[in-house]
Amino acid sequence: MNSNFELLIDGRALSGSGRERAPVINPATGDSFGQVAFASNEDLDNAVASAVRGLREWRSISPWERGRILKKAAEVLRADVETAARTMTLEQGKPLGQARDEVERSADFLEWGGEQARRLSDRIVHGRSGRIEIQNHPIGIVAAFTPWNFPMALAAKKFAGALGAGCSIISKPSQETPGSVLVMAKALIEAGVPPTAVAVVFGHADQVSDHLISAPQIAKVTFTGSIPIGKRLAAAAGAVIKPVTMELGGHAPVIVCGDVDPELAADMLAKAKFANAGQICLSPSRFFVEERIRERFIARFVDRAKALRVGDGTDPATEMGPLANERRLMAIAGLVDDARDRGAAILAGGERIGRHGYFYAPTVMAEVPDEASILREEPFGPVAPILPFTDEAEMLDRANGLEFGLASYVVTNDMGRQQRLTAALEYGAVAVNGGLTHYPEAPLGGWKESGIDTEGGIEILEPYLRTKHVSLG
Ligand code: NAD
């Protein structure tokens, strides 16, 4: 198979010929299976000019009709989940079942954005000197930057909010996973979104983001990815006073209390840990386990890690695919080696699998010293450091002690403890006795350096609206 991933501007597919291109790598083999076209500054200017027209066209369509079109786009996407899922697995590596779920969830987000568009309303304030109409307006053209780990769903959240609100959008997915967003953008256009209102561009990330953020026509910047890049983009947007939505990294503490069945807890948490090979911003990543159940918990968790079938995501038997790129493989190997060198015990995995593709064995470690990098840097891979605790207050200080504030987990059947820990965790999300997946019906966003704003929920359109105060005298 050889695929070409083109730029999508003004409804036209612009190929790589005459443009810079980059290979697209299948992480299960390490081989290229296609080429992605990179946008020049002229391409980006054309995308912006087209989005100016797209904003005019799309915002003039009633919210009710926008809602119908977004719901239709969801149907188009669902009608061929299989092709979209295969594209995703080839470029990102996740097992086909997880890719199918992601396509379905992306469709759910588009549908939800359409439903919320239909609920858009203004309000009247009875002010001291007369009525004031508080109008909601689409904020304008949105520049959306999204990563490779959930190449469709993370973009779908932004498309759903921006298009539901009546904005046009220029999307820059990761050039490592170009196909998934293209599939979704084409579904949107097929369903009736004006081709001017949706553009997809690829390229050198810094060049594209600098160019788009500084373009005066761009009104809003939304990004999902790492904290360092989020800071860079937020600073660039701040310099030209543009609002941002930032969904950034996490380093989720998991608190496993001594009252629970350690085997059941280990089964549930190993599943959450190794989903998408740990490359999830919500992934559990620091396991604080109460001393009295530590041994049994570790034994079962290690069994689960060793039993996982790791392989090519297109093989139906595969439970965990490769890491998405060579950079991730090197980063995980570095974090594990660093912990091992500092005295951590590697109880499962701890090494690359094979020489082809970017496979890394599901890894469990104990006796991890405080100075190990993995306790401070987001691992974003299939590694579980397990840390004992006896004193709850001291453990909570450690759990809350990093700059991250995205997801956290509590496992206990003690109601009092559940409430106490949930209240004390300084995180935008807490999962109690279960895993954590973001679905459209509820908002989710990071605290502290993990982000600004939420995505999803009945407020999904809010980051893409601005208010006009009309005093009616
Ligand atoms: P990275 O920091 O280089 O890039 C993260 C993402 O930002 C990538 O998709 C990349 O294409 C994009 N990016 C980089 N520079 C950009 C720029 N100037 N403008 C716009 N986009 C830009 O890291 P990486 O090696 O690709 O990914 C690993 C790290 O990314 C992890 O440690 C994790 O923190 C983070 N991450 C977080 C999420 C999330 O959902 N919060 C998703 C993916 C990656």
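The values are calculated or read from the model by the stated rules, or taken from the named source; none is laboratory data. The shown structure was predicted, so the numbers you read here are calculated from the model rather than taken from an experiment. Cβ coordinates were reconstructed from backbone atoms using ideal geometry, including for glycine residues, and neighbour counts include every protein chain displayed. Note: areas computed on protein heavy atoms with side chains; ligands, DNA, RNA excluded. Shrake-Rupley method; radii C 1.70, N 1.55, O 1.52, S 1.80 Å.
Among the residues that make up the range 222-242, is at least one of them away from the ligand (no atom under 11 Å from the Cβ), on the phi < 0 side of the Ramachandran plot and in a loop (DSSP other than H, G, I, E, B)?
yes
Taking the residues in the range 175-190 that are open to solvent by 10 Å² or more (accessible area, probe 1.4 Å) and over 14 Å from E91 (Cβ atoms) as candidates, determine which candidate is nearest to the ligand (Cβ to nearest atom).
Per the criteria, the residue is K186.
Quick check on D206: is it closer than 29 Å to A277 by Cα, charged (D, E, K, R) and surrounded by fewer than 23 Cβ atoms within 10 Å (Cβ to Cβ)?
For D206, the condition - closer than 29 Å to A277 by Cα, charged (D, E, K, R) and surrounded by fewer than 23 Cβ atoms within 10 Å (Cβ to Cβ) - is met.
Failed condition for L436, given (1) open to solvent by 70 Å² or more (accessible area, probe 1.4 Å); (2) within 16 Å of the ligand (Cβ to nearest atom), with all others met?
(1)
Taking into account only those residues within the range 11-48 that are β-branched (V, I, T) and farther than 19 Å from L323 by Cβ, which is surrounded by the most Cβ atoms within 10 Å (Cβ to Cβ)?
V36
Looking at the range 231-241, which of its residues are open to solvent by less than 30 Å² (accessible area, probe 1.4 Å) and over 19 Å from the mean Cα position of the chain (by Cα)?
A237
Checking A219 against (1) more than 16 Å from the ligand (Cβ to nearest atom); (2) open to solvent by less than 10 Å² (accessible area, probe 1.4 Å); (3) under 17 Å from L461 (Cβ atoms), which single condition isn't satisfied?
(2) is the only condition that A219 fails.
Working carefully through the options A85, A79, A74, find the one that is open to solvent by 60 Å² or more (accessible area, probe 1.4 Å), aliphatic (A, V, I, L, M) and more than 26 Å from Q217 (Cα to Cα).
Matching residue, one of A85, A79, A74: A79.
Within the range 371-391, can you find the residues that are away from the ligand (no atom under 15 Å from the Cβ) and of a type in the set (D, E, K, R)?
Across the range 371-391, the qualifying residues are E371, D391.
Taking the range 379-426, which residues are open to solvent by 70 Å² or more (accessible area, probe 1.4 Å) and of a type in the set (V, I, T)?
T390
When you look at I346, is it more than 30 Å from N26 (Cα to Cα) and buried (at least 16 other Cβ atoms within 10 Å of the Cβ), yes or no?
no
What single numbered condition from (1) open to solvent by less than 20 Å² (accessible area, probe 1.4 Å); (2) aliphatic (A, V, I, L, M); (3) within 16 Å of the ligand (Cβ to nearest atom); (4) over 20 Å from G250 (Cβ atoms) fails to hold for A333?
With respect to (1) open to solvent by less than 20 Å² (accessible area, probe 1.4 Å); (2) aliphatic (A, V, I, L, M); (3) within 16 Å of the ligand (Cβ to nearest atom); (4) over 20 Å from G250 (Cβ atoms), A333 is out only on (1).
Scanning for something crowded, with 19+ Cβ neighbours inside 10 Å, among the charged types (D, E, K, R) and within 16 Å of the ligand (Cβ to nearest atom), does the range 440-448 turn up at least one residue?
no
Looking at the range 243-281, which of the residues that are open to solvent by less than 10 Å² (accessible area, probe 1.4 Å) and under 15 Å from S209 (Cα atoms) is farthest from the ligand (Cβ to nearest atom)?
Checking each candidate, the answer is T245.
Are there any pairs, at least 6 apart or on different chains, whose C-beta atoms fall under 7 Å, with the first in the range 355-382 and on the phi > 0 side of the Ramachandran plot and the second part of a loop (DSSP other than H, G, I, E, B) and away from the ligand (no atom under 14 Å from the Cβ), and if so, which?
G357/A28; G357/T29; G357/G30; G357/P322; E367/G343; E367/A344
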